[in-house]
Amino acid sequence: MSRRTRSTQPLPEILAELARLATEDLSLRPMLQRVADALAGYFQWQLVALVSIDRQSNRFVCEALSTSLPTDIHVGYSRELGSGVVGEVAATGRPVLVSDASQYPNFVHTLPGGQSELCVPILFRGTVIAVLNLESTEVGTFDGSLDLLKTISEQIAGTIAGARRVEELTRRTQLLEVVAEFTRQAMESEDLDALLGFVLRSLAARFQTVESTVLLEGDLVGHLEVAAHLGASPHITYRGKQWPINEGVVGRCFREGVLIYVDDVSKDPHYSTVNPSVRAELALPISLKGRVFGVLNLEAETSQPFSGENRVLLRALADAVAGAIHLLSTAHRLQQSQARAERQAVELGRARENLRRATGKLDRRQGEQAVFGLSSSTQFRKQLKAQCRAVSRGGRGMALWLIRINPHSYVDAIRLNEIITPYAARIANFLVDANIPMCQLRPRSLGVLLSGAPSVDSRKRIEECLQALHRSYVGDTELMRAEPSHLVVLCKLSQAKDPEGFLDHALAQLDELPDGVLSWLDAHHP
């Protein structure tokens, strides 16, 4: 023991007292603080510090400090392994004695005026679990004290390891309680939104996340839909947004089905910036029976919330609520499908009612037309095609007689129907053929098909019919003032191949015909 490292008590008594202090309770940080205070009191050391090692982050953390001098060190102070004397000892597991700080290049002046330092590893079963560090403002203070400090470190190593184990078991118990609470809440939830809101609020409070999002499979293929979001601003939400599965850390997590952790998002090419304050991101797959159907994405301002232990916990939490999320999301989709089906049923009912009304109107119209010998447009066109086929085969002739009520006359829609339908009945009567094909092709136009052997003179039949019509309407001033126009088109062999074209051409010619005119048109030679 050097002249500067002296105590009025024998060393065995000091070691026994340290053992008693270390086992008063097994809370790690309070226990280390008692040991540091005792060592500073026994040996009058100016600064005593005990630090723990965090291998996952590759840093050491000050757990206890006893000093009356101003210093940059404080409980919670952290630096990378290898940095300074403490970092060197933590990294190598070998003690370091610095008699003169000016001669040691790795000495870090955290104690103003510090001149000497002694740092020893605390080993348990060959592994560095902590570091005991002493500093002084005098040169050579700790010369000859290395063996003493090794003995002290050996004395407290087992107690520190036990306290660390107790702390670890306590944390695991707390983690199990958290998982149990999440599971209970998930099983009791009857609403997907309530469950996801609870999950995100709980995670944000426990892990200090600034952006928390749950994305689930939706109706859009190749995309995930934001089912819930909790961000730094309560006024901004991305709920309902579609996220492509081939983009960002979220997409990679979904595609690969594994946990993705990014400790520095600025260095990750897959990261998509949402909040500029984010530094670390953790994406966890939400899966059931090996099938991934969503992603829980968490973002924080530091990587500390996503330590290895916390990542294990978060994966357990994601697995704990996956079943409930799947069940509730499936129920939610079924509700949406049912709502859509109900809306479609209502719309279908309306369509059926509209169809029923339209059919009723059509039936009444066709009934009215049938009384006067009028065919429907569909029937008339079928008859036209049949007549054209007969013309194509030879041995038949056909004429299309089109009649147009003057579109510029005073006759309104109601009076128009009252004129056209009796007009058609009289044509059938004067042609002496009740089954002759006739149709109201347009609101003001009537079509008549005349066919028969080539010897049948369609022109003569039409002229005789027109004369009879004129005589029958001599007393009807309304029809006379309507000035009907007549166009007769004779179908030749070349036109019979295209019945629709033949009809369209004839109607176009009718539109150009002056009011009150009778015109004859050879379709083969227009």
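Note on Glu177 and Gln344: the extension gain reaches 55.4 nm, defined as 0.36 nm multiplied by sequence separation minus the Cα-Cα distance. About the centre of its Cα atoms, the stretch 190-336 shows a dipole size close to 160 debye [charges on the beta carbon of Lys, Arg (+1) and Asp, Glu (-1) only; nearest 20 debye]. Summarising the label geometry, the points placed 7 Å from Cα in the beta-carbon direction at Leu220 and Ser27 lie 5.1 nm from one another.
Rounded to whole numbers, the Karplus 3J(HN,Hα) couplings from phi for the stretch 378-386 are 5, 5, 5, 5, 5, 5, 4, 4, 5 Hz, using 6.51 cos²θ - 1.76 cosθ + 1.60 with θ = phi - 60°, and x at Gly and Pro.
Our helix-only sum for the chain, with -39,500 (n - 2.57) per DSSP H run of n ≥ 4 divided by its residues, gives a mean residue ellipticity at 222 nm of -15500 deg cm²/dmol.
For the chain, the tally of Lys pairs with Cα-Cα distances below 22 Å comes to 5, considering only residues 8 or more apart or on different chains. As a rough footprinting exposure proxy, the listed residues Val120, Val517 were ranked by other beta carbons within 10 Å of their own, and the order from fewest upward is Val517, Val120. Computing FRET efficiency as 1/(1 + (r/R0)^6) for Lys289 and Asp191, where r is the C-beta to C-beta distance and R0 is 25 Å, gives about 0.60. Taking amide H positions as modeled 1.01 Å from N, with prolines and chain starts lacking one, the residues under 5 Å from Gln115 and 5 or more places away or on another chain are Ser136, Thr137, Glu138. Along the charge dipole of the chain, pointing to its positive end and built from +1/-1 on Cβ of Lys, Arg, Asp and Glu, which listed residue (Leu334, Val199, Pro514) has its Cα farthest out? About the Cα centre, the residue reaching furthest to the positive side is Pro514. When Glu464, Glu211 are arranged by Cβ crowding within 10 Å, least crowded first, meaning fewest neighbours, the order is Glu464, Glu211. Positive end of the dipole of the stretch 11-169 (Cβ unit charges, origin at the Cα centre): among Thr71, Val131, Gln44, the Cα lying farthest that way belongs to Val131.
Listed values for the stretch 55-63 are Karplus-derived 3J(HN,Hα) couplings in whole Hz (6.51 cos²θ - 1.76 cosθ + 1.60, θ = phi - 60°), namely 5, 5, 8, 6, 9, 10, 10, 6, 9, and x replaces Gly and Pro. Simple spin-label estimate for Val432 and Ser266 gives 10.6 nm between the two label positions (7 Å along the Cα-to-Cβ direction from each Cα).
For the stretch 171-219, the calculated P(r), taken from all Cα-Cα distances in 5 Å bins from zero up to the bin holding the longest distance, is 5, 17, 24, 25, 18, 7, 2, 1, 0 percent.
About its Cα centre, the dipole of the stretch 11-169 is roughly 460 debye, where the only charges are +1 on Lys and Arg Cβ and -1 on Asp and Glu Cβ. Divide the volume of the convex hull around the Cα atoms of the chain by the residue count and you get 263 Å³ per residue. This ranking places Glu256, Glu512 by how few other beta-carbon atoms lie within 10 Å of each, fewest first, which gives Glu512, Glu256. Using Cβ point charges alone (K and R +1, D and E -1), the dipole size of the chain about the Cα centre works out to roughly 2820 debye. Could you tell me which residue out of Ala322, Asn310, Leu230 lies farthest along the dipole of the stretch 190-336 toward its positive end? Charges go on the beta carbon: Lys and Arg +1, Asp and Glu -1, centred on the Cα centre. Going by the Cα projections, it comes out as Ala322.
Bear in mind these aren't lab numbers, they're just calculated from the coordinates by the rules spelled out. None of these values were measured; they are calculated from a predicted model. Neighbour counts are summed over all protein chains in view; Cβ atoms, including those assigned to glycine, are modelled from backbone coordinates with ideal geometry.
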